[in-house]
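Take a look at the structure set out below.
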Amino acid sequence: MSDITDTAPLPVVGEPGSARPGIVQRIRDVWAYRELLGNLTRKELKVKYKGSFLGFAWSLLNPILYLVVFWIVFQKILGAGIPNFPIFFLAGLLPWNLFSTSLGSGTSAITGNASLVGRVWFPREILIVAPIGANLVHFFLQFMVLIGALALFRVAPSPVFVTLLPFALLTLLVLVGALGILFAAVNVYLRDTEHLLELLLLAWFWMTPIVYQYLMVVESLGRYGRLFMLNPMTSIVITFQRALYNHTTTGGVDAADARGIGAGSKIIPDASVLWYFRNLALVFVGSLALFWFAMWVFGRLEGNFAEEI
Amino acid sequence: MSKAIEIHNVEKRFRLYHEKAPSLKERVIKFGRLEFEEFWALKGVSLDVESGQSVGLLGHNGSGKSTLLKCVAGILRPTAGDIRVYGRVAALLELGAGFHPDLTGRENVYLNGSILGFKKKEIDRIFDDIVDFSEIERFIDNQVKHYSSGMYARLAFAVAVHVEPEILLVDEVLAVGDEQFQKKCLARIERFREEGRTILLVTHAADLVRRICDTAAVLDHGELVTVGEPSAAVATFRETLVRRGLEVPEEALDNPLWDHSQEVRITSVSVKLSDSSRSFLPSGDPMTVTVGFETRNPVDDVVFAVSIFNDADDNVYGANTSTLGLEPQRLSGRGTTTFRFPSVPLLDGSYKIHLGVHSIDGRVSHDHNRDCTFVISSDTKSAGIVDLAPEASISIDRAERRATG
C-alpha cells in the first residue's frame, strides 16, 4: 500500500445535500486548474493562425486594415474632422476588439468544446476564460502597434490618465467574463444566442464612441446625454481615448484636419481623473454584480451541459 | 480503511426531446413546452467504494453504468442524491478527449495532463515514461492529426495512466490498439491495483471483471441489482440479460478463451527444470509441470490439458490427461496434477506453457493459465523446433571410389 491514503486534503466532487458547488468554490476550482487555463490559452494562440502564411501578423493587420477603411470613410468621405484620427480610432478600437472577440469566442466556448465537456471534468468556466486570455495577448500585441502610431504621429499620452488604464482593462475583463459566462451557458440551451450576438455586437459597436466622438452624441442627446453612459463600454472606451489620444478638443491641433468641426469642438470630456474613475468604478461594480449573477446562472445550467450538447 | 467514493441514492433523469437542439423559435412557438420524455437512467443507486478497492460495474447497454461513471467523474450532475469522491481522479471515459489535432504529441501530452489536473512539473517528470509507454517516440513532435488511430489511443492511454491518479475511472477503453498493447494496458491497470489505488471499471467483459476486480456491481435499468464477489456478480449479470431477453454480448459469453466456469480453479502452476539453479533448460533434459487446483463442489469428468507453444505461436506439443491415458476424474477439494516430461528435446528459444481444465467433451472450460514460460538452451547448431538428434554417418562405396580415383 502506498501513501495515497495519507494524501490530504482530498478534493470532494459535489457537495453533500446539494449537488451544486458554491460560486466561491468554483472560483477556487478555476484557480486550482490555472495550469490548464494557461495551456488552453496557449492552445488558442497556437491554433488560431496555424497554417496561415502571415500567422501572428494577422493580429496586427486586422486593426490596421480597419483603420484604413474607417479613415477613408469617415475622414475623407464624410469629413468627420477628428485630428489625428488614427490614434483616436485605435485607442477605442483595441479595447472594443478585445471585448467583441472575447465575447464571441466565450459564447461558443461550451458548445464548441462538446467533446471535452462530455468526457472530462474540469471547471467549465475555464473554457470561457481561456479565449479571453488569448485575446488579451492579441490586445497587447495590437497595443504595441498603437504605441508605434503614437510615436509616428508625435502624440503624447496623458501620464495621469494612463494610470487609469489598468483599472479600465480590469473592468473590461470582468465585464466580458461575466457576459461570456452568461451567454455561453444560455447558448447551450438556445443555440440562437451566438447568432443573435453577432447582431448585438454590430449594434453595440455603433453605440460605442469609437469612430465618432463621445461628446458629439452627448450634446445631441441634450439632457438625456447621461443615458449614453448606460453602455458600459462607453466609460471604458473614453478612458482609453482620454489617456492615449489626449486631446479633449480639436482646438490647437492640425487645423486642416479639423475642417469638419470648428476649432475648439469637443471630442471627449475635459473632466478630472476622478470623473473618469467614478464612471469606471460604477461599471466595475455593475460588472462584478453581473459576474456573480452569471456564475449563478452558469452553475444552475452546467449540470446538464454534457447531455445537452 | 477509508472510503474513496461514496454514492448515495443517486438518481439521474434525462429528458429525451423529440427534436434535437430546440431553437428559440420553437420555444416561442410552443411557449417553452417542448415535447420530451423523461427517462430515469439511474434510480436511487447507492454504492461505496473503499480506498484501494477495484470495483467492476456490469450492465447491459442502457443500464446506466456509464451514466453512473460520468456522475462520479463530475461530468454529469445527478438529479438527486450525492456523490463524494476523495482523491485525485483520472477518468478514462474516452481516450484522447481534449487532444487537439493541430498540436503536436508533446503539446497534447501537456494539455491532456493539465485537463486531468496536473502541473507542468509533474508532467515533466513522467514525460519520458509516457513516451516510452506509448511507443511513438519518433512522432512525438508531429501533429496529432497525422497519427494513426492506434498511435492516438496509445498516447492518450499513456498519459492517463502515468499521471498516477488516486482514483481511476475506466469505461471500456481497453479495447484499443493491438493485442500487445491491450496486454500492456491491462498489466498497467493491475499494477495500479497492486499500488493500492482505487479503480472503478465499467465493462461487460466478464473475464476482465474477474481478473481485475475485488468486487463487482450489476446495474439493470438504472437500479443496482447486486454488489458482491465478481464471479457471483457475473452470474447475476448474465441472468439479467437472459431475463430481459437481451442479446448477450460476446464478451459475456462462455468463450473458452475468455471465460471459464471456475468450477475447477487453477490455484498454482510451477515448472521445475532439471537444474533449478539455472534459469534455462538444457535441450533434452527433464521438466516437470505441476498444477495446483481446487474445487468448491465436486466436479465430474475433469480433464487437464497441457500445450507448449513456441515464439511464433506454433503448437509444439499438446495433450491432456485423457489422451495420456488417465480416466476423466471426479474432483473435489484441493489437489495437484503433474505432467512429467522425461526429456524436452526442443531447440533454442523461449516456450510458453498453456494449461487448461475442461470437461471431457470440451464443452465446459473450467479455468486456464498461460503465465508459464521456459527457455531452452541447446548445444547443437541444428535449426528448427525439435532436436530430433539424428546420428549422421557417411559411407563411401568402393566402386565410386575407383571411378573417381
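Averaged over the residues of B:99-105, the number of partner chain Cβ atoms lying within 10 Å of the residue Cβ comes to 3. Couplings for the range B:189-194, taken from phi via the Karplus curve 6.51 cos²θ - 1.76 cosθ + 1.60 with θ = phi - 60°, read 5, 5, 5, 3, 5, 4 Hz in order; Gly and Pro are left as x.
Taking a ≥ b ≥ c as the square roots of the eigenvalues of the Cα gyration tensor, the protein assembly as shown is classed as prolate, since a/c reaches at least 1.5 and a/b is larger than b/c. Given their separation in residues at 0.36 nm each and the Cα-Cα distance between them, B:Arg125 and B:Ser279 gain 51.9 nm when the chain is fully extended.
Relative to the Cα centre, the charge distribution of the protein assembly as shown, modelled as +1 at Lys and Arg Cβ and -1 at Asp and Glu Cβ, gives a dipole magnitude of about 3220 debye. Rounded to the nearest 20 debye, the dipole size of chain A about its Cα centre is 540 debye, using +1 on the Cβ of Lys and Arg and -1 on the Cβ of Asp and Glu.
Sorting A:206-213, B:201-208 by average packing, meaning the other beta carbons within 10 Å per residue, from highest down gives B:201-208, A:206-213.
Can you pick out the pairs among B:Lys183/B:Lys381; A:Lys48/B:Lys120; B:Lys65/B:Lys352; B:Lys3/B:Lys65 whose Cα atoms lie more than 31 Å from each other? From the list (B:Lys183/B:Lys381; A:Lys48/B:Lys120; B:Lys65/B:Lys352; B:Lys3/B:Lys65), the Cα-Cα distance tops 31 Å for B:Lys183/B:Lys381; B:Lys65/B:Lys352.
Near B:Glu137: Cβ cut-off under 13 Å, other residues only, Lys/Arg at +1 and Asp/Glu at -1. The net charge is -2. The H on the amide N of B:Leu92, modeled in the peptide plane, is under 5 Å from the matching H of B:Leu169, B:Val170, B:Asp171, each at least 5 residues off or on a different chain. Its relative contact order, with pairs defined as Cα atoms under 8 Å and 6+ residues apart, puts the range B:264-377 at 33 percent.
Taking other C-beta atoms within 10 angstrom as a stand-in for reagent exposure, A:Trp58, A:Trp31 fall in the order A:Trp31, A:Trp58, fewest first. Between B:Gly284 and residues 5 or more places away or on another chain, which pairs have amide H atoms under 5 Å apart, with H built 1.01 Å from N, and which residues are they? Sorted by chain and number, the residues that satisfy this are B:Val344, B:Leu346. Computed from backbone phi with θ = phi - 60° and the Karplus coefficients 6.51, -1.76 and 1.60, the 3J(HN,Hα) list for the range B:48-54 is 10, 10, 6, 5, x, 8, 10 Hz; x is used for glycine and proline.
Among B:223-229, A:36-42, A:125-131, A:112-118, sorting by the average number of other beta carbon atoms lying within 10 angstrom of each residue, highest first, gives A:125-131, A:36-42, A:112-118, B:223-229. Per-residue mean of foreign Cβ neighbours for B:2-9 is 1 (Cβ atoms of other chains, 10 Å radius). Peptides B:133-139, B:320-326, B:4-10 ranked from most to least packed give B:4-10, B:133-139, B:320-326, packing being the mean of other C-beta atoms within 10 angstrom over each peptide's residues.
For the range A:22-308, the square roots of the Cα gyration tensor eigenvalues, ordered a ≥ b ≥ c, give a/c of at least 1.5 with a/b greater than b/c, which places it in the prolate category. Inter-chain Cβ neighbour count for A:183-195, averaged per residue, equals 2 (cutoff 10 Å, partner chain atoms only). Can you bin chain B into rounded, prolate or oblate? Criterion: square roots of the alpha carbon gyration tensor eigenvalues sorted a ≥ b ≥ c, rounded for a/c under 1.5, prolate for a/b above b/c, oblate for the rest. Prolate.
Here, each number is a calculation from the coordinates, and none is a lab measurement. Remember, it's a predicted structure, so these values are computed and weren't measured experimentally. Cβ coordinates were reconstructed from backbone atoms using ideal geometry, including for glycine residues, and neighbour counts include every protein chain displayed.
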